[in-house]
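Single-structure report; data block below.
Please treat every number below as a calculation from the coordinates, not as lab data. As the structure is a prediction and not an experimental result, all values here were calculated from the model. Counting neighbours? That spans all protein chains shown, and the Cβs are built from the backbone with ideal geometry, glycine included.
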Amino acid sequence: MPTDPVLVVHGGAWAMPDDMVDAHIRGVTNALATGWRVLDRGGSALDAVEEAVVIMEDDETFDAGRGSFLNRDGKVQLDALIMDGATLRAGGVGCVEHLRNPVRAARKILSESPHVYFVGEGAEKLAAEHGLPLCKNEDLVIPREVARLREYQAEAAQHGNDLFAPTISHDTVGAVALDRNGNIAAATSTGGTLNKAPGRLGDSSLIGCGCYADNLSAAVSTTGWGEPIMKLVLAKWTADRISAGNLPEWAAQEAMNHLKQRVNGHGGIIVLNPQGHFGVAHNTPRMAWAYKTVQKQEAGIAREA
Ligand code: GLY
């Protein structure tokens with residue numbers, strides 16, 4: 001019997017300023033609509049999460065694709081991962097500088113390559129060989145982010161700055177989906193943290209850290225300060241709670257408690273199991289999220305964690 005599809009997306013957990021709230025809600029709602037069209041016509045969870053994430057990479061509101069936070073050198077450097085819960089196939093790219101849609105390159109790796117992970121020029125070469133267009137890094141940089149980096153660096157030079165305070169920008173986008181065949185998938189894409197060191201890789205593109213999917217447990221996408229998330233392998237940690245018999249609502253909240261208590265981390269998470277139960281949680285001031293089931297659709301940004 002066909003399963004009712006479910007799609008959950010997030011647009012990053014951080015102290016997003018008031019004037020960016022509406023754009024975030026619009027953006028996650030657009031991503032939801034695009035991913036849902038795939039599921040609604042019987043498409044795969046894998047295609048749905050890819051298409052939903054592409055919409056957010058293309059939207060300058062988010063820290064993914066064009067408009068991402070800049071690294072210390074003023075460049076955009078992107079990471080992404082996509083994973084198929086039915087087969088455990090995955091594709092990841094790290095530190096790419098010339099791709100508008102790193103999740104598309106990640107999907108090519110998943111579908112066309114025996115490998116799981118490519119970084120830098122090698123990832124871009126593979127993407128180009130599979131027909132994805134390359135762009136200049138300047139094409140990914142927008143004035144808002146140039147100003148944000150300048151302000152951050154000026155402030156840090158004067159007073160020092162806690163790079164990982166929850167008020168500092170470290171956003172990310174992601175999606176988890178359940179399709180009519182009962183398969184789940186997850187994808188995560190990011191520009192990483194503001195003022196990051198060139199070559200620094202975050203959690204988002206690492207299997208089990210920023211993203212995970214297994215039909216035997218759950219599909220998970222995380223957002224937030226990547227280093228603590230990596231240390232806990234948080235997406236897999238959460239999926240393991242689901243295979244132990246817990247519900248995603250509980251596991252999502254428990255993951256945030258674990259992140260805070262164990263490594264003083266902050267961020268957000270979306271979790272979906274193959275039965276269609278899902279959880280959304282964060283311990284940052286705000287996180288953009290949206291979900292759709294056959295019965296209901298909602299989008300929001302919590303004001304308080
Ligand atoms: N979670 C995004 C990053 O730390 O790179």
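A few remarks follow.
- Once the C-beta distance of Val21 and Arg148 is scaled by a Förster radius of 22 Å, the resulting FRET efficiency is 0.85 to the nearest 0.05.
- Using only side-chain charges placed at the Cβ, +1 for Lys and Arg and -1 for Asp and Glu, the dipole size of the chain relative to its Cα centre rounds to 300 debye.
- Of the DSSP H helices in the chain, those whose Cα atoms cover at least 18 Å axially and whose Kyte score averages 1.0 or more: none
- In this structure, the residue pairs whose Cα-Cα separation is over 29 Å, taken from Lys75/Lys108; Lys231/Lys292; Lys136/Lys236; Lys136/Lys196; Lys75/Lys231; Lys108/Lys196, are Lys231/Lys292; Lys136/Lys236.
- Computed over the alpha-carbon pairs of the chain, the distance histogram in 20 Å steps reads 40, 57, 3, 0 percent, short to long.
- Within segment 17-86: Cβ-based charge dipole about Cα centre, in debye rounded to nearest 20 (Lys, Arg +1; Asp, Glu -1): 100
- In segment 39-142, the convex hull through the Cα atoms has an average projected area of 6.8 nm², a quarter of its surface area.
- For Lys125, the aspartates and glutamates whose Cα falls under 13 Å of its own Cα, not counting residues fewer than eight places away in the same chain, are Glu97.
- Length-normalised contact order for the chain - Cα pairs under 8 Å, 6+ apart - percent: 25
- Toward the positive end of the charge dipole of segment 98-217, with +1 on the Cβ of Lys and Arg and -1 on the Cβ of Asp and Glu, the farthest Cα among Leu216, Ile109, Gln153 is that of Ile109.
- Extending 7 Å from the Cα toward the beta-carbon at both Glu138 and His115 defines two label points whose distance is 3.0 nm.
- Farthest toward positive dipole pole in the chain [+1 Lys/Arg, -1 Asp/Glu at C-beta], among Gly268, Ile242, Ile301: Ile242
- Averaging 1/r over every pair of different alpha carbons in segment 222-305 and inverting the result gives a Kirkwood radius of 13.0 Å.
- Scattering profile of segment 188-232 at q = 0.26 Å⁻¹ [log10 I(q)/I(0), Debye over alpha-carbon scatterers]: -0.91
- Debye, to nearest 20: dipole size of segment 197-300, +1 on Lys, Arg Cβ, -1 on Asp, Glu Cβ: 160
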